[in-house]
Amino acid sequence: MTTTATGLPPDDPEGHRPPQQQQPATPHSPKTEAAPETESSPETEGAPEAAASPATDALADDLLPTPKGASRTLLASLLAPHRRRVRWVAVALLLQQAAVQAGPLLVAYALDSAVPALRAGDHGPLIAVAVAAVLCAVASGGLQFGFIQLSARVSQDVLLDLRGRIFRHAQALSLDFHERYTSGRLISRATTDVESLRELLEEGLQELITVALSTLYITATLIWLDWGFGAAALVSAGPLALLVRSFRHRSHRVYSAKSTAMARVIVKFTETLGGIRPVQAFRRERPNDAAFARLNHQHARINGATSLEMARYVVSSRLVANTTVAALVLWGAYRVATGGLALGVLAAGVLYLRRLYDPIDRLGMFLNSYESAAASLQKIAGLLALRPGVPEPAAPAALPAVAAGRPGREVAFHGVRFAYRSGGEVLPRFDLTLPAGTTVAVVGATGAGKSTLAKLLARFYDPTEGEVLLDGVDLRALSTTALRRGVVMVTQEAFLFSGTVADNIALGRPDATRAEIEHAAKAIGAHDFITALPDGYDTDVRKRGGRISAGQRQLVGFARALLADPAVLILDEATSSLDIPGERAVQRAMATVLQGRTALVIAHRLSTVEIADRVLVMADGRIVEDGPPKELIAGRGRFAELHRAWRESVG
């Protein structure tokens, strides 16, 4: 077995894939993925991609299972709070179209009535036509302004709601989802796809409604003016309808592929920048450039395909429209020459026909926006339709009150089995009890099941069989709030958010006072380095806490855990990435934070194990040694061998 200089195996990423817990289920087979810790660590992002597995994973391939009708249901729920404003938008557009479409009627009246009256010396009809034209223009402009203002407010409110839903839902989804569906894809859903919907709501819908209303107005007016023109307009709509149907069918496939291609570009970009240190350390810039260029060219090629589909539609629709107008002008001219049609009616009919066919290009632009938005909405609806793999209980149970003076709570694993998505069983049959107030260290080789044990206790996953109990209550029966209040996990790399040191310490207790925050930092031994920072507790640690060292970040993480004051604390390899001085500082902090609570310590260094009351040695998901550290060191088992190797490595 390979060991480190400290005598224990390297960091334990388990080497397994997350369990298939996310719902709804998909018909695709799972795809072999990297270990959970490897996927989530920023140090590994941007590294060479693993060889593809012959199996596929729907989430990893950005193929979210979307229930039938989910897109329409989502859109209806987004528009429901704005029904009144949507009605006013519709009224404004109806009146605006009525004002616009009055123009050709005024032209017909002027040619057939006002001009002959003017020749006879009567200026009234022509003046009335001029006034009516001015009033129609003013009304059209004012109603257009009102429509744009109202529709813009509705669309912005809808998009605000949608972005909030995506963000809240992404936080609520289980760890299993996030280990399979990259953050880059989530960013694409909340940005690129939402932007596609914005274009549809702010521009495309106006075009659609305008085209629909103008078609109804013009067809009805043409039939009223002359049934022949009206019938011809209806007949010519047949070929145009076939063109629209064909365009929608082809463009839907293209836009769905475009959304996926854009997400892949964003994923590659975020992965590379998230892992910029290993990228530069291992000189991965050129291979990453090549990989990004390949994805970028794929996206450009699909974009070109969308433009080509649009060009085909525009050329075909214009050919049909121009041919129809030319034929009707010739026919109308013949009827005027034979006295079967008034000149004003012909002029109005030609103007109406141009207005009928001119929006065809705009209809194509709408269809462009519509198909793009439909593909985006489908992906967003699929995302929002996913249910967490570790759901909230319908009727949460309450934990029993902790007796006065009793440290921590009892943890029990009863008949627990656990299998990852790959089908490999990590915990074949597991029973374990951690008495309240004890500190239990877990050691073992990579893939032994140590981190899986911690994740089950934190309820990042639910067991395949059996139950994990906290003071006799199944974790699945506890609300998330009660569970997170009672069980806190400190990971190998303490994650700090952009903001002040005080804000990061108070993460587990946002209502904590400054005095309580400083007291927790002093107890951990972090107060001195914090006060030495430029602004003390108000210093902005910046992205991922990059302004302070790894050991200092870990101390802030322990202060955060101490302030949260959980009954059960999980330390997942909390000292494995630190140097010797940093490790010693963190070990002193660990001794403080472990007092008076139940603790499960996933140990990488044997120096960490020495503070435990009990040591578990795991192999293949089973406990092969169990006892106090001194007993196991005095024996001849695996832990004794590891301890001797560690002592030799440190001299």
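Quick notes
- Exactly one residue out of 402, 416, 390 is outside the structural domain of residue 191 (by TED's automatic domain parsing) and in contact with a Phe, Trp or Tyr (Cβ under 6 Å, 6 or more places away or on another chain), and it is 416.
- Listed by first and then second residue, the pairs with beta-carbon distance under 7 Å, at least 6 apart or on different chains, first residue in the range 128-153 and more than 30 Å from residue 115 (Cβ to Cβ), second acidic (Asp, Glu), are 151/202; 152/202.
- Contacts under 9 angstrom Cβ, first residue in the range 300-321 being surrounded by 14 or more Cβ atoms within 10 Å (Cβ to Cβ), partner not in a helix (DSSP H, G or I), 6 or more apart: 321/358
- Note on the range 278-288: among residues that are in a helix (DSSP H, G or I) and surrounded by fewer than 12 Cβ atoms within 10 Å (Cβ to Cβ), the one that is modelled with the lowest pLDDT is 281.
- Any chance residue 555 is of a type in the set (A, V, I, L, M) and not in a loop (DSSP other than H, G, I, E, B): yes
- Applying the criterion of being touching a helix residue (DSSP H, G or I) at 6+ places or on another chain (Cβ under 6 Å) and crowded, with 20+ Cβ neighbours inside 10 Å to the residues of the range 167-183, the residue that is nearest to residue 387 (Cα to Cα) is 179.
- Lone qualifier among 612, 599 - being assigned to a strand (DSSP E or B), in contact with a strand residue (DSSP E or B) (Cβ under 6 Å, 6 or more places away or on another chain) and among the hydrophobic types (A, V, I, L, M, F, W, C): 599
- Taking each residue of the range 426-454 that is basic (Lys, Arg) and looking for partners that are surrounded by fewer than 22 Cβ atoms within 10 Å (Cβ to Cβ) with beta-carbon atoms closer than 7 Å, six or more apart or interchain, yields 429/415; 429/417.
- When the test is whether a residue is in a helix (DSSP H, G or I), of a type in the set (Asp, Glu), under 41 Å from the mean Cα position of the chain (by Cα) and in the same structural domain as residue 259 (by TED's automatic domain parsing), residue 112 does not pass it.
- Residue check for residue 117: at pLDDT 85 or above and not acidic (Asp, Glu): no
- Taken together, the criteria exclude residue 466 from residues that are of a type outside the set (Asp, Glu) and outside any strand (DSSP E or B).
- Verdict on residue 202 being surrounded by 17 or more Cβ atoms within 10 Å (Cβ to Cβ), acidic (Asp, Glu) and assigned by TED's automatic domain parsing to the domain that holds residue 366: yes
- The test for being hydroxyl-bearing (Ser, Thr, Tyr), at pLDDT below 80 and out of contact with any Gly (no Cβ under 6 Å at 6 or more places or on another chain) does not hold for residue 77.
- Within the range 146-166, the set of residues being touching a helix residue (DSSP H, G or I) at 6+ places or on another chain (Cβ under 6 Å), more than 16 Å from residue 386 (Cα to Cα) and among the β-branched types (Val, Ile, Thr) comprises 154, 158.
- Scanning the range 471-484 for residues that are assigned to a strand (DSSP E or B) and over 19 Å from residue 417 (Cβ atoms) returns 473, 478.
- Residues (within 43 Å of the chain's Cα centre (by Cα), at pLDDT 85 or above and either exposed (fewer than 14 other Cβ atoms within 10 Å of the Cβ) or among the β-branched types (Val, Ile, Thr) (or both)) located in the range 120-148: 141, 145
- Being in contact (Cβ under 8 Å) with a residue 60 or more places away in the chain, in the same structural domain as residue 236 (by TED's automatic domain parsing) and not in a helix (DSSP H, G or I) is a condition met by at least one residue of the range 324-347.
- Selection count, the range 398-421, where residues are in contact (Cβ under 8 Å) with a residue 60 or more places away in the chain, under 34 Å from the mean Cα position of the chain (by Cα) and surrounded by 15 or more Cβ atoms within 10 Å (Cβ to Cβ): 5
- Of residues in the range 322-356 being of a type in the set (S, T, N, Q) and within 60 Å of the chain's Cα centre (by Cα), the one nearest to residue 218 (Cα to Cα): 324
- When the criteria are applied in full, residue 562 fails the requirement of being at pLDDT 90 or above, of a type outside the set (Gly, Ala, Ser) and closer than 30 Å to residue 472 by Cα.
The values are calculated or read from the model by the stated rules, or taken from the named source; none is laboratory data. Remember, it's a predicted structure, so these values are computed and weren't measured experimentally. In this analysis, Cβ positions are derived from the backbone assuming ideal geometry, glycine residues included, and neighbour counts consider all displayed protein chains.
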